[in-house]
Every structure is written in C-alpha cells, then in structure tokens.
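Here is the structure we will look at, set down as structure tokens.
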Amino acid sequence: MTRLTRVIDDDRTTRTTPRISATVGLAAARRSRHSGTAARFVRTAAVAVVAATVLAGALAGCRAATPTSVAAAGSNDVLAAVSTDKPTDGVRTARIPRSVSVTSDLVYGTAADGTVLRLDVCSPARVPGAAALPGVVAIHGGSWSMGDKANTDWRAVCRWLASAGFVAYSLDYRLVPAVTFPAAIDDVNTAVAWIRRPANAARFGIDPARLGVLGGSAGANLAALLGMRGSGPTDTGTRVAAVAELSGPIDLTEAGQRLGHPVPYVAQIERAYLGCRTFSDCPQAMDASPLYAIDRSDPPVFIAQSSDELIPREQGDAFAAALSRAHVPHTLVTMPGKRHSVALLDPPMRRNIVAFLHRYLG
C-alpha cells in the first residue's frame, strides 16, 4: 500500500503526495570521554568500535523491495509512479560519464590536534565561459568511528553528484575514539569555509552562494546539523542552502532514545560519539542533535529513510514534524524494508534528490 507524506513547499502550502516507506538509519560510533581511568576509557572505546563494526556489517547487506511510488522532491508536481521488482545496489548502479573527473586528497585544514583533513572533488566536464555550478558537500557514514571519503559507495556518491551537474566535495573528518563531539562537525565547518574561499571556488567553478550538503547515516547527522546550526542567510559562512540526509540520527538525547525501539548497542555507539557515560548526564547530546537547532531561516531538507531499520523511522518523522512547525520546506520519503544510507539511492531516489538539489541550488 502506498503511504502518504506531507511536503511543505516554498509557498508554504501543504500538499499530500505519495510517500515511499521508511528509512531511518544511522551509523554511529562511540567512546566514553568521561571514564574515570585510562583503562576504562580504552575498554569503553574498544567495545563501541566493535559495536559499530557489527552495525556496519549488519547494514552492509540490507536490501528491500523497490518502492512502488516516488514523491516529488521539492517540486510542485508529483512525479509519475515508478515500479520495479528488481533489487538494486543503491548508488553503485548510477551510470557515470567519462567526463567526470576526480581530484583527490586536497588538504582543507589541519585540526588543533594536528590531524590533516582532506577531501576529494568530483567535477563535471568544464565548459570554457560557462556559468558557475552549484556545489554539494558529501559526508560519509560509519558510526562516526569509521568510513572513508573514497570508499566504493562514497566515491560513487561523489561521481554521481558530479554527473548530475554539481561539483561534489567528499570529505574525511576525525573519528571516534580519537575524538568525540564536536570534532566531526567542526571539521565539516572547516571544509565548508575552505570550499567558499574565492580561490578555491574559482578553481572548481562553483558559485559559493549555492552550496548544499548530502550525508548518509552518521554523515546524515552531520549534514543535518550543518544545515540547522546557526541562523540567517544560507549563502555565506558555514551555512548551506539545501540539505539531503539519508538515514540520519536526528535526536541523540535521552528523549531520542524513546523514539521507536532503538537497539541497545546503537545507544552505546551514540554515547561513544558524544563522549558520555549516560544520556541523563550528557548536555552535549542536545548540541549534537539537529532536532533542537531548527529555526525558520534554515534551508530546505530532503529526508530519506526506510521502515524497518536498526534506527527507528520515528527519528526522521520527528525531524519532519519539527521542520513543519518551523515552516521549513522539506520532503520526507520513507521506503519499505531495511535499506540504510546509500543503499536507499536507487534510480527513483536519485532522481528525486537531484531534482530537490537543483530546485534549491539551481
């Protein structure tokens, strides 16, 4: 049965459109900074990384039925229904033209702890004299404790975005257990500032005022937090003009643990990322939760999730509800099954996200 979701458009009118099913996901990893001794810290971090590894392995094989309908991604028109019985491998099925180029391992900053921070740039073919292109920051998942900008899936995401007419910036950031919150989001902010520097924007032919972000799982948490933090114009500083998040954990607080039925080791992963022994004594959890940073000036958001994942779909539903209350344009797409993060990126979902990003970034 096709479910329905509400899409809030720029004109603030509410439409009801076919919705797909639900993917809330996450990939999280955790270590406890509040351990009383170095030995306890090492044990906690090790357990969290093992839990994250188990989670990543469990999600790696997630597949589900392809949705029977697709909601328009931020459009005034509903896309035609799409149906297929064939399973897909998410973004890996995207066909990339040979004209897409990759510039690897550019240094975008050095963290206070000395970590050198790098990103890759995926670019469509450059046409001399052509107008500047929009840019999209791509943030990999991996429980905040693993993952890489250039692994098979995230290199595919980077190249797919370039093939759709964006300059894509796929970045690495510091990971648990070496660091905890807010190190990762600080790194993402550093990357956005680097991308917007006039010389860097000119080098890759982007319009620095038209910058969006896409993230998956733990990277979706960071993408959403990047978009919701701060207020005011979205074309300057570390603000972005559009957010697409796949399976993101949106509420990392104690209250968030009551959204649906999260499995215990995911909570452990989240606490490791936050650097907290318990949620009840973890004030930084609210700062790490996009749900509590929303205001009317925030950019449009595309939320993709699935219905039967390790992370409850109620996370994405709560995000959509909060965006509605703040009158922030958004699209919620919920797929049936267990797909997580980039596994959601079958052809219909990719078309929807591209349409959404082009609508708000040009």
Query raised in the report: Mind listing P(r) for segment 179-236? All alpha-carbon pairs, 5 Å bins, whole percents.
Result: 4, 17, 26, 25, 17, 9, 2
Report task. When a/c is below 1.5 the answer is rounded, else prolate if a/b is larger than b/c, else oblate, so apply that to segment 317-362 with a ≥ b ≥ c taken from the square roots of the Cα gyration tensor eigenvalues. Result -> oblate
Report task. Determine one quarter of the surface area of the Cα convex hull of segment 210-362, which equals its mean projected area, and express it in nm² to one decimal. Result -> 8.5
Query raised in the report: DSSP beta bridges in segment 200-335, what fraction antiparallel, as a percent rounded to 5?
Result: 0
Report summary line: Over its alpha-carbon atoms, segment 254-312 yields an Rg and a Dmax in Å of 13.1, 35
**Report entry** Gyration tensor verdict on segment 274-362 (Cα atoms; rounded if a/c is under 1.5, prolate if a/b is larger than b/c, oblate otherwise)
**Finding:** oblate
Query raised in the report: If Lys and Arg each add +1 and Asp and Glu each add -1, what is the summed charge of the other residues whose beta carbon sits under 10 Å from the beta carbon of D172?
Result: -1
Report summary line: Checked segment 198-283 with the C-alpha gyration tensor, a ≥ b ≥ c its square-rooted eigenvalues, rounded below a/c of 1.5, otherwise prolate if a/b is larger than b/c and oblate if not; verdict prolate
Query - Segment N151-A255, length gained on full extension (0.36 nm per residue, minus Cα span) - result: 34.1 nm
Requested in this report: Evaluate the charge dipole of segment 264-362 about its Cα centre and quote only its size in Debye, nearest 20, assuming +1 on the Cβ of each Lys and Arg and -1 on the Cβ of each Asp and Glu.
Outcome: 300
Requested in this report: Please give the contour-minus-distance gain from H327 to A111: 0.36 nm per residue of separation, less the Cα-Cα distance, rounded to one decimal in nm.
Outcome: 74.2 nm
Query raised in the report: Which order results if I139, I250 are arranged by neighbouring Cβ count within 10 Å, fewest first?
Result: I250, I139
Query raised in the report: Most exposed first by the Cβ proxy, i.e. fewest other Cβ within 10 Å, how do M286, M146, M335 rank?
Result: M286, M146, M335
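Read-outs throughout are calculated quantities, based only on the coordinates presented, and are distinct from any laboratory measurement. The model shown is predicted, which means the values in this text are computed figures rather than measured ones. Positions of Cβ are backbone-derived with ideal geometry, glycine not excepted, and every protein chain shown enters the neighbour counts.
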